[in-house]
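The values are calculated or read from the model by the stated rules, or taken from the named source; none is laboratory data. Everything numeric in this text was worked out from a predicted model, so none of it was measured. Cβ sites come from the backbone with ideal geometry, for glycine too, and all protein chains shown count toward neighbours.
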Amino acid sequence: MAQESVMLGLKLPTDPRWVKLVEGNISEILTDHAWCEQKAASNAISTIVRFPELTDLVEELTRIAQEEMEHFGMVVEKIKARGWTLGYERKDDYVGQLSKIIKRGGSREEQLVDRLLFAAMIEARSCERFKMLSERIEDRDLASFYRELMISEAGHYTTFLKFARKYGNGIDVDARWQNFLDKEAEIMQGYSVKETMHG
């Protein structure tokens, strides 16, 4: 698991005990996960709205938004299959703290780079957690499900980083990404304690 974290650049792996919390409340993790997918789609769409002139970015984010909503539907189906209903949207404290890393103001290039790095950071952590669930959760149906999603999320992570580097004219994108990774590790010291996707 630590090796996977290194591959994604993450500085602090998820505490493996988090999986036990998840196993104690599967309905909660599925509801929280569904809303994470919806928010990822919304974030992709809002980026398109702000940067419509970047045609290749628009095309890729359209694909990602569609894929995230497809994942939302897949999670909802898992919820229904277990006799549960989708709960109300949960507040994501992790994402709220992560958003504070984004610089306010600055050039359009800086705003775009930070939005893309913010999205890449969330995808990287989600990918790491999906991998952990695929390897450690005793529910074999969910283990297989999360392995499938992990592969997709890894693709999103690399896409966001690729565009940050492409459109970060005059910005040291790699240094900015390292700052995101360092700050995210500090944030994660207070997490792995709730049965939510980023909790």
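Given the criteria surrounded by fewer than 19 Cβ atoms within 10 Å (Cβ to Cβ) and either more than 23 Å from Gly73 (Cβ to Cβ) or in contact with a Pro (Cβ under 6 Å, 6 or more places away or on another chain) (or both), does Glu138 qualify?
yes
Can you name the residue in the stretch 156-184 that is among the small types (Gly, Ala, Ser) and exposed (fewer than 14 other Cβ atoms within 10 Å of the Cβ) and, of all such residues, is modelled with the highest pLDDT?
For the stretch 156-184, the residue satisfying everything is Ala175.
I need the full set of residues from the stretch 63-77 which are out of contact with any helix residue (DSSP H, G or I) (no Cβ under 6 Å at 6 or more places or on another chain), in contact (Cβ under 8 Å) with a residue 24 or more places away in the chain and farther than 22 Å from Ile48 by Cα, in order please.
Met74
Among the residues of the stretch 14-40, which ones are within 21 Å of Met150 (Cα to Cα), small (Gly, Ala, Ser) and surrounded by fewer than 20 Cβ atoms within 10 Å (Cβ to Cβ)?
Ser27
Report whether or not Gln97 is in contact with a Gly (Cβ under 9 Å, 6 or more places away or on another chain) and over 23 Å from Ala65 (Cβ atoms).
When the stated conditions are applied, Gln97 passes them.
Please go through the stretch 70-83 and pick out each residue that is farther than 9 Å from Ala34 by Cα, surrounded by 15 or more Cβ atoms within 10 Å (Cβ to Cβ) and not charged (D, E, K, R).
Across the stretch 70-83, the qualifying residue is only Ile79.
So which residues in the stretch 142-199 are touching a helix residue (DSSP H, G or I) at 6+ places or on another chain (Cβ under 8 Å), under 30 Å from Val19 (Cβ atoms) and not in a helix (DSSP H, G or I)?
Those that are touching a helix residue (DSSP H, G or I) at 6+ places or on another chain (Cβ under 8 Å), under 30 Å from Val19 (Cβ atoms) and not in a helix (DSSP H, G or I): Tyr191, Ser192, Val193, Lys194, Glu195, Thr196, Met197, His198, Gly199.
Can you tell me which residues in the stretch 92-103 are assigned to a helix (DSSP H, G or I) and not aliphatic (A, V, I, L, M)?
Asp93, Tyr94, Gly96, Gln97, Ser99, listed by residue number.
What do you reckon, is Glu89 at pLDDT below 95, in a helix (DSSP H, G or I) and within 16 Å of Lys39 (Cα to Cα)?
It is false that Glu89 is at pLDDT below 95, in a helix (DSSP H, G or I) and within 16 Å of Lys39 (Cα to Cα).
Kindly provide the set of residues from the stretch 10-62 that are of a type in the set (Phe, Trp, Tyr) and modelled with pLDDT of 95 or more, ordered by number.
Of everything in the stretch 10-62, those that are of a type in the set (Phe, Trp, Tyr) and modelled with pLDDT of 95 or more turn out to be Trp35, Phe51.
Quick one: how many residues across the stretch 41-51 are surrounded by 15 or more Cβ atoms within 10 Å (Cβ to Cβ) and polar (S, T, N, Q)?
Of the residues in that region, 2 qualify.
Please enumerate the residues belonging to the stretch 52-64 that are surrounded by fewer than 19 Cβ atoms within 10 Å (Cβ to Cβ) and not hydroxyl-bearing (Ser, Thr, Tyr).
Those that are surrounded by fewer than 19 Cβ atoms within 10 Å (Cβ to Cβ) and not hydroxyl-bearing (Ser, Thr, Tyr): Pro52, Glu53, Leu54, Asp56, Val58, Glu59, Glu60, Arg63.
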